[in-house]
Amino acid sequence: MHYGGNEAGAEETVARIEKAGGRAFAVRAELGTVGDVDTLFAGLERGLAGRLLDILVNNAAAAPGGPIETDTPEQFDHHFAVNVKAPYFVIQRALPLLRDGGRIITLTSVATRMANPVQTSFAMGKGALETMTLTLASALGTRGITVNAVAPGATRTEVNVPIFEAPGVEEFITSQTALNRLGTAEDIADAVAFLASDDGRWITGQVLDASGGIHLGLRG
């Protein structure tokens, strides 16, 4: 597994995988910097030790941002370096290591299907990933590799708890969500696991909305 900076979190994740009977190793690489993909794959290839890769999940992303009034070229470039360029070239480097019949899953966002002016550049980048998903599904289908995306909505994680603690934020979002609650990391992980499993073998080139039905329309 890859991590950017939270070494303790990475070690905890590895320990949980091993406790469940699996094998895991962590590779540190800060995406969006010069040489990021080289650093990542140097560690990955050492850890794989000649084994093939079964599943690639592009989960790393820069935090949402992008109201056009305050966006800067530097912020824009950082978002696209982490959210678009990195996953594209991670996939490129992974293809020789990925077995035929493997899986590629990329995390996008429901920001691509609704207007949110405070996340303009963020949504633009996620839209690029959805186009990438469609085209790579076509390109890699002859190898039996499925390429899909999962689009979360408002999801509470350890990192973004303060966002939802602001007065009225959680209540407003849940009032706009068909299933009447915020998402959890487990909700998204289960959607990814489905696409990564053999049950998802006949699904490719798709964006799976995992938002609990946010902004579907008026609630009855």
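The listed residues are Thr133, Thr106, and the only one of them that is part of a strand (DSSP E or B) and at pLDDT 95 or above turns out to be Thr106. Taking segment 20-42 as the range and being in a helix (DSSP H, G or I) and either under 18 Å from Ala189 (Cα atoms) or at pLDDT below 90 (or both) as the test, no residue passes. Here Ala193, Ala154, Ala166 are screened, and the one residue that is among the aliphatic types (A, V, I, L, M) and closer than 25 Å to Leu95 by Cα is Ala193. Step by step: first the residues of segment 152-200, then only those that are over 22 Å from Ala10 (Cβ atoms) and among the hydroxyl-bearing types (Ser, Thr, Tyr), then the one that is surrounded by the most Cβ atoms within 10 Å (Cβ to Cβ). Which residue is that? That would be Thr177. When residues in segment 182-196 are screened for being over 20 Å from Thr131 (Cα atoms) and under 17 Å from the mean Cα position of the chain (by Cα), 10 of them pass.
Return the pair list, or none, for Cβ contacts closer than 6 Å from residues in segment 161-175 that are within 14 Å of Asn116 (Cβ to Cβ) and touching a residue at least 40 places away in the same chain (Cβ under 8 Å) to residues that are buried (at least 16 other Cβ atoms within 10 Å of the Cβ) and among the small types (Gly, Ala, Ser), at least 6 apart or on different chains. Correct list of pairs: Ile173/Ala154.
Can you find a residue in segment 82-99 that is in contact (Cβ under 8 Å) with a residue 24 or more places away in the chain and more than 26 Å from Thr146 (Cα to Cα)? No, because not a single residue in segment 82-99 is in contact (Cβ under 8 Å) with a residue 24 or more places away in the chain and more than 26 Å from Thr146 (Cα to Cα). The residues of segment 100-122 that are under 18 Å from His2 (Cα atoms), in contact (Cβ under 8 Å) with a residue 60 or more places away in the chain and of a type in the set (A, V, I, L, M), listed by number, are Ile105, Leu107. Hey, could you check segment 44-77 for residues that are touching a residue at least 40 places away in the same chain (Cβ under 8 Å) and out of contact with any helix residue (DSSP H, G or I) (no Cβ under 9 Å at 6 or more places or on another chain) and say which is surrounded by the most Cβ atoms within 10 Å (Cβ to Cβ)? My answer is Glu45.
Within segment 113-134, not a single residue is over 27 Å from Gly66 (Cα atoms), among the small types (Gly, Ala, Ser) and either touching a Ser or Thr at 6+ places or on another chain (Cβ under 7 Å) or surrounded by 20 or more Cβ atoms within 10 Å (Cβ to Cβ) (or both).
The values are calculated or read from the model by the stated rules, or taken from the named source; none is laboratory data. The model shown is predicted, which means the values in this text are computed figures rather than measured ones. Please note: Cβ atoms are built from the backbone with ideal geometry, for glycine as well, and neighbour counts cover all protein chains shown.
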